1. Provide the FRET efficiency to the nearest 0.05 for the residue 36-residue 155 pair, computing r from the beta carbons and using R0 = 30 Å.
2. About its Cα centre, what dipole magnitude does segment 110-187 give when the only charges are +1 on Lys and Arg Cβ and -1 on Asp and Glu Cβ, stated in debye to the nearest 20?
3. Could you give the length gained on full extension between residue 93 and residue 292, defined as 0.36 nm per residue of separation minus the Cα-Cα distance, in nm?
4. Just the ratio, please: alpha-carbon radius of gyration of segment 93-146 over 2.2 N^0.38 Å, N its number of residues.
5. Could you compute the FRET efficiency for residue 116 and residue 252, with r as their C-beta to C-beta distance and R0 at 25 Å, rounded to 0.05?
6. Run lengths n ≥ 4 of DSSP H only: what is the helix-derived mean residue ellipticity at 222 nm for the chain, with -39500 (n - 2.57) per run over all residues, to the nearest 500?
7. Set Lys and Arg Cβ to +1 and Asp and Glu Cβ to -1, take the dipole of segment 110-187 about its Cα centre, and tell me which of 121, 183, 141 lies farthest positive.
8. Over the Cα atoms of segment 110-187, each weighted equally, I'd like the Debye log10 I(q)/I(0) at q = 0.20, 0.22, 0.23, 0.27 Å⁻¹, rounded to two decimals.
Amino acid sequence: MNDETPIIRLGTRNSPLAMAQAYETRRRLCGAHGWDESKVELVPVVASGDKVLDRPLAEIGGKALWTKELDHWLHDGTIDASVHSMKDVETLRPGTLTIAAVMPRADTADSLVGAKSVADIPEGATVGTSAPRRAAQLLHARPDCKVVSFRGNVATRLAKLEKGEADCTLLASAGLDRLGEDSVGARLDPEIWLPAPAQGAIGIECRTDDAQTQEFLAAIDHAPSHRAVMAERTLLKALGGNCHSPIAMLTTAQDDVLALRCALFSPDGRERIEATHSGSAEDLAWVAAMGRELIARLTPGMAPHFGQHEV
């Protein structure tokens, strides 16, 4: 291996936020292993989900549109690992791929842009979001508001707001922080406004049979974040959650015990159920049981939106 050869090639979407997450991954890898930055090559791709912005994600193929190009590159050896926003990764993944590391989780909260709080949103305002969870939560809290579809990266959505296409929008606080836009919105307390599953977490995935890359990535794995994300993904799987499903979750940890709070909504926000369970971070059987309990409590207006995995 000569000095110009990278040790690891990281695939990433080429959006500004995805690139910021890839830069963070490279910085942590180089810091952990004492490498020069040239040893971690970033390989960007325009994901299918970034190409079609005029329709909700659920209508054009779901979360797989964020991962399929990177998955193909992993399988054919173009890259060694993929950097993902974990909330955008399908619940069911190929057995040939492994989430080898989850970096220290950032803020899980949402931020509201355009008003100081949900209560301060003007009567009858238009709120832009294409996330079923955010739409349902908003309509549950403020049924007087109207929700309109808002897709695109952070800059695109902020530009739409500036043009008056909506009065307010909701964005992940972690994404705003990573882009240096943390002053743009009002942070919503995640204890009150529950976040999306795995929000704020960056995961790195590689081939299951690639022991060398897994060893490199293990050095930047943050076990508490990894355990919390896996618990949330386990509950998503038990719920049959997909990009149509209005699901909100919050995980807290005390040593090796996780407490997982979950709220499910009907898409119009009129119906809501919630549960909180706790158990071992190592054995997640209790999480699957929690999912079964919630499924059993679904109302007729909620049931059609759960129980269908996104693959």
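Please treat every number below as a calculation from the coordinates, not as lab data. Computed from a predicted structure; not experimentally measured. Glycine also receives a Cβ, built like all others from the backbone with ideal geometry; neighbour counts cover every protein chain displayed.
1. Efficiency, rounded to the nearest 0.05: 0.45.
2. Once rounded to the nearest 20, the dipole reads 260 debye.
3. Details: separation 199, 0.36 × 199 = 71.64 nm, distance 2.10 nm.
Result for the pair: 69.5 nm of gain on full extension.
4. Details: Rg = 16.6 Å, N = 54, 2.2 N^0.38 = 10.0 Å.
Segment 93-146 yields a ratio of 1.66.
5. Values: r = 26 Å, r/R0 = 1.04.
After rounding to 0.05, the efficiency reads 0.45.
6. Details: 10 runs with 102 residues, N = 311.
Helices in the chain give a 222 nm mean residue ellipticity of -9500 deg cm²/dmol.
7. The residue sitting most towards the positive pole is 141.
8. Summing over Cα pairs of segment 110-187 leads to -0.80, -0.98, -1.07, -1.47.
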